[in-house]
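Below is one structure, written out as structure tokens; comments come after it.
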Amino acid sequence: MTRISVESFCGLSKKKRQLSIKSAQNIPNGKERQNSKNAQWSSPGTFNEELMMKSRVAGRSLLKVANFVKIGFPPVMPSDLIVTKDPEKCREARPEQSYDTESALKSPKQKAPPKPNDCDGLDPDSYLRMLIEAQTGQIVEARKASSLPESFFSAFTDEQVASYDNAIVSAVRENAFDDVRKMHSNGRDLSCCNRFGESLLHMACRRGYIDMVSFLTGEAKGDIRIKDDCGRTPFHDACWNHTPVLEILDGLIEKDGPCLFLVADKRGSTPFQYARREHWSLWRNFLYERRIKLDLHKKDLELFRKQI
């Protein structure tokens, strides 16, 4: 039996390669080879043993070649057993690696957050949802305050309504910070509101009183998750201000997170839909700089996740 090396075999032309295989296997040339479509596979072990033992393709043995030698050896060997020293062709010959699809779906890949300058003309409300999606991997949507569970907001009591008198209202309206602090020291409940649910915090946010808002939500321990009869939260009033006061919303986010940005009033308007168009770029930059803080709590994410 004629013996050839792997290097010699790969260097042969197509015609000579066929002749070499025919010579090695002593296959007669005749009518038996005319019908190649109906040809039978040869039995194992008929291929040159030296060729099998010495051949390696990208770390794989060519021992399987003996089981796939057809009478009238094909001009081109099977694609997964290509004999080549070219690394690119070796990579093409390897099967694709599989991955766990279920695990990939359970841990969605975070997207790169869009930059404010790349979103010229985009309203801050839409930009906020894009940032939350980039941060959490979830698509969220606004919900009316009336559609949220009762436990989401703090309900006001009759005592709180009774405490909402002219003295405290005037002090907050005039930004008389020392007077408000003194009333609080004397036991006045600063979480009071009128019969429509409008609180002192609503008023301070709408007027842009930074120190007053900080005092009401800090030392006075006022609740932020409150709404009036129209479904407006302190976030609505903060965005309604004719001059954006970033410090107020920054403090509100620190206290309770960004979920109140997604609460719409009875007309379907979210806080940022109250913002003026000329201030949109300012609010986009504000959100982008605080994008790390836009990670919703698990319970809030369940409430505002978009139902597909």
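If a residue must be of a type in the set (A, V, I, L, M, F, W, C), open to solvent by 50 Å² or more (accessible area, probe 1.4 Å) and over 20 Å from Pro258 (Cα atoms), how many such residues does the range 135-166 contain?
The qualifying residues number 3.
How many residues, within the range 210-246, are over 20 Å from Tyr274 (Cα atoms), outside any helix (DSSP H, G or I) and in contact with a strand residue (DSSP E or B) (Cβ under 9 Å, 6 or more places away or on another chain)?
2
When only residues in the range 275-300 that are of a type outside the set (A, V, I, L, M) and open to solvent by less than 30 Å² (accessible area, probe 1.4 Å) count, which is nearest to the chain's Cα centre (by Cα)?
Asp300
Got at least one residue in the range 252-261 being open to solvent by 50 Å² or more (accessible area, probe 1.4 Å) and in contact with a helix residue (DSSP H, G or I) (Cβ under 7 Å, 6 or more places away or on another chain)?
The answer is yes; a qualifying residue exists.
Going by the structure shown, is Ile226 open to solvent by less than 80 Å² (accessible area, probe 1.4 Å), closer than 29 Å to Ser281 by Cα and either at pLDDT 95 or above or of a type in the set (S, T, N, Q) (or both)?
yes
Mind telling me which of the residues Ser170, Ser214 ends up being over 30 Å from Leu287 (Cα atoms), open to solvent by 50 Å² or more (accessible area, probe 1.4 Å) and modelled with pLDDT of 95 or more?
One residue alone meets the criteria, Ser170.
Just the residues that are among the hydrophobic types (A, V, I, L, M, F, W, C), farther than 30 Å from Gln307 by Cβ and free of Cβ contacts under 8 Å to residues at least 60 places away in the same chain, please, taken from the range 140-184.
Listed by number, the residues that qualify are Val161, Ala162, Ala167, Ile168, Val169, Ala171, Val172, Ala176, Phe177, Val180, Met183.
May I ask you to verify whether Asn186 is open to solvent by 80 Å² or more (accessible area, probe 1.4 Å), more than 22 Å from Arg276 (Cα to Cα) and polar (S, T, N, Q)?
Yes, satisfied.
Scan the range 247-274 residue by residue and report those that are of a type in the set (Val, Ile, Thr) and in a loop (DSSP other than H, G, I, E, B).
The answer is Thr270, and nothing else.
Please enumerate the residues belonging to the range 262-274 that are out of contact with any strand residue (DSSP E or B) (no Cβ under 8 Å at 6 or more places or on another chain) and either open to solvent by less than 50 Å² (accessible area, probe 1.4 Å) or aromatic (Phe, Trp, Tyr) (or both).
Ser269, Phe272, Tyr274
The values are calculated or read from the model by the stated rules, or taken from the named source; none is laboratory data. These numbers were taken from a predicted model, which means no experiment stands behind them. Virtual Cβ from ideal backbone geometry, glycine too; neighbours counted across all protein chains shown. Quick note on the areas: whole protein, heavy atoms, side chains included, nothing else; ligands and nucleic acids left out. Shrake-Rupley method; radii C 1.70, N 1.55, O 1.52, S 1.80 Å.
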